[in-house]
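Trainee: Dropping a structure here in structure tokens format, bear with me for questions.
The values are calculated or read from the model by the stated rules, or taken from the named source; none is laboratory data. Nothing here was measured: the structure is a model prediction, and the numbers come from that model. Methodologically, a virtual Cβ is constructed for each residue, glycine included, from the backbone with ideal geometry; neighbour enumeration extends over all protein chains shown. What goes into the accessible areas is simple: the full protein's heavy atoms, side chains included, and nothing from ligands, DNA or RNA. Shrake-Rupley method; radii C 1.70, N 1.55, O 1.52, S 1.80 Å.
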Amino acid sequence: MLTIKDLIRDDDTKRKYEAVKAMVGVSGMRSSIYDVNNICNLRCKGCFYFSSDQHKVDDQKDLDKLKAFIDSEKARGVNYAILIGGEPSLSLDRLDVWYANVKCSAATNGLKRIPRERYPSMRFGISLWGDEEDEIRLRGKNAFGTSLKSYKDDPNTYYLYTITPQTIGAVETVTKKIGDAGLRVHYQLFSNDQGVEGMDWTPDLYAEVRDKMDAMLEKYPRIVVSSHYYHQVLTTQTMLGRPFGWMECPSVSEGVDTREPRPKRLAGFNSIGSDYTTIHRCCTSVTRDCTTCHDGAATMSWIMVNKRDHMTTPEDFANWVDVTYMFAKLYEFIPW
Ligand code: SF4
Ligand code: SF4
């Protein structure tokens with residue numbers, strides 16, 4: 001194996017590697033995902049949360065029990081909580097308890113504003129399915145238009161934009177609107193969990209969306225938080241010649257992970273339901289087919305946990321550094 005000195009052959013990689021190395025928090029991060037509640041104010045088409053019955057888990061409302069649960073998670077080693085839903089903006093009393101007790105970020109659909117003044121340092125990630133018309137068609141409401149106004153110029157908010165096979169043409173318009181509102185965007189791809197006709201990716205569509213994401217990153221580097229290698233892995237579902245899927249995924253909950261041989265995985269990671277007991281299979285849902293999964297967080301984690309395998313050529317290592325640097329920005333270890 002080459003040394004780091006052999007592997008770093010350009011200034012950009014050196015700068016990013018130094019930044020990542022200085023942020024000890026990245027390598028020491030122990031994250032898990034938590035459902036804050038089991039309710040939502042939208043019913044998006046293709047939402048795996050409802051189709052996989054995660055909303056049928058009991059909604060534990062006792063804040064003392066929540067505090068005790070957070071303490072037990074911290075004792076388990078968790079130091080970063082990713083709060084999802086249901087919809088966190090509908091349960092601010094619970095967000096208060098999380099915020100007071102552990103570093104956390106919240107994923108929201110953006111329809112109801114989470115008051116920034118109440119959570120000065122919490123990272124908000126707004127889920128986005130397309131432009132205003134797509135949002136109405138796919139989610140029933142123009143959540144995008146609402147959140148653009150609610151979070152305008154918020155320095156700690158970004159959009160997690162899920163691009164679908166039918167909405168590649170809108171990517172630049174949407175990206176520009178996000179930039180005009182003083183916000184940032186990170187892309188992932190739609191996973192056709194429910195087999196909706198016309199929503200499957202094809203080799204041509206993969207190539208088209210990869211070109212589009214690459215072009216956006218080049219054209220709007222201050223708005224788009226991403227990396228070319230991430231785009232490549234996301235659209236080929238392969239990394240260093242290995243296919244992504246169940247036997248490689250790093251984001252399977254540790255509490256239910258019986259895979260043999262055990263792949264490289266996120267240490268201590270669990271995805272836990274709103275009863276603080278149920279462990280979901282992975283960071284998405286048990287009904288998702290791993291062979292067509294395009295989850296962005298699982299993809300970038302897959303690259304990151306396989307650092308050693310990227311330490312064979314300067315190009316592979318630069319790719320690994322790029323993705324880790326992007327991840328560190330998304331999870332607030334490095335400023336935008
Ligand atoms: S906002 Fe999220 S949880 Fe709510 S319906 Fe849409 S995808 Fe599902
Ligand atoms: S559905 Fe996706 S995130 Fe879940 S285990 Fe499969 S590959 Fe991993």
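Trainee: Do you know which residues across the stretch 93-145 are at pLDDT 95 or above, in contact with a Lys or Arg (Cβ under 7 Å, 6 or more places away or on another chain) and not in a strand (DSSP E or B)?
Mentor: Passing the criteria: Val97, Asn101, Val102, Leu111.
Trainee: Only one of these conditions is not met by Cys290: (1) exposed (fewer than 15 other Cβ atoms within 10 Å of the Cβ); (2) in contact with a Gly (Cβ under 6 Å, 6 or more places away or on another chain). Which number is it?
Mentor: For Cys290, the exception is condition (1).
Trainee: For the stretch 102-128, what are the residues that are more than 16 Å from ligand 1 (Cβ to nearest atom), touching a strand residue (DSSP E or B) at 6+ places or on another chain (Cβ under 9 Å) and open to solvent by 10 Å² or more (accessible area, probe 1.4 Å)? First the steps, then the outcome.
Mentor: Going residue by residue through the stretch 102-128, those that are more than 16 Å from ligand 1 (Cβ to nearest atom) are 102-104, 115-123.
Cutting the leftovers down to touching a strand residue (DSSP E or B) at 6+ places or on another chain (Cβ under 9 Å) gives us 102-104, 116, 119, 122-123.
Within the stretch 102-128, Val102, Lys103, Arg116, Arg123 meet the criteria.
Trainee: Have a look at Glu135, Glu87 and point out the one that is under 18 Å from Cys47 (Cα atoms), without any contact (Cβ under 8 Å) to a residue 40 or more places away in the chain and of a type outside the set (Phe, Trp, Tyr).
Mentor: Glu135
Trainee: Can you confirm whether the stretch 307-321 contains a residue that is free of Cβ contacts under 8 Å to residues at least 60 places away in the same chain and either touching an Asp or Glu at 6+ places or on another chain (Cβ under 7 Å) or within 25 Å of Pro88 (Cα to Cα) (or both)?
Mentor: No, there is no match, as no residue in the stretch 307-321 is free of Cβ contacts under 8 Å to residues at least 60 places away in the same chain and either touching an Asp or Glu at 6+ places or on another chain (Cβ under 7 Å) or within 25 Å of Pro88 (Cα to Cα) (or both).
Trainee: Which count do you get for residues in the stretch 34-81 that are among the aromatic types (Phe, Trp, Tyr) and more than 16 Å from ligand 1 (Cβ to nearest atom)?
Mentor: 2
Trainee: So which residues in the stretch 39-60 are touching a residue at least 24 places away in the same chain (Cβ under 8 Å) and more than 16 Å from ligand 2 (Cβ to nearest atom)?
Mentor: Start the filter on the stretch 39-60 by keeping residues that are touching a residue at least 24 places away in the same chain (Cβ under 8 Å), which leaves 39-46, 48-49, 51-52, 54-55, 57-60.
Listed by number, the residues that qualify are Ile39, Cys40, Asn41, Leu42, Arg43, Cys44, Lys45, His55, Val57, Asp58, Asp59, Gln60.
Trainee: Something else about it: Output the residues belonging to the stretch 1-38 that are in contact (Cβ under 8 Å) with a residue 60 or more places away in the chain, open to solvent by less than 40 Å² (accessible area, probe 1.4 Å) and not aliphatic (A, V, I, L, M).
Mentor: Thr13, Lys16, Tyr17, Gly25, Ser31, Ser32, Tyr34, Asp35, Asn37, Asn38, listed by residue number.
Trainee: From the set of residues in the stretch 188-209 that are out of contact with any Lys or Arg (no Cβ under 9 Å at 6 or more places or on another chain) and among the charged types (D, E, K, R), which is nearest to ligand 2 (Cβ to nearest atom)?
Mentor: Asp200
Trainee: Which of the following residues is away from ligand 2 (no atom under 16 Å from the Cβ) and modelled with pLDDT of 90 or more: Val20, Val36, Val26?
Mentor: Val36
Trainee: Within 16 Å of ligand 1 (Cβ to nearest atom), out of contact with any Pro (no Cβ under 8 Å at 6 or more places or on another chain) and open to solvent by less than 30 Å² (accessible area, probe 1.4 Å): which single residue out of Ser253, Ser271 fits that description?
Mentor: Numbers: Ser253 fails: within 16 Å of ligand 1 (Cβ to nearest atom).
None of the other options fit; the residue is Ser271.
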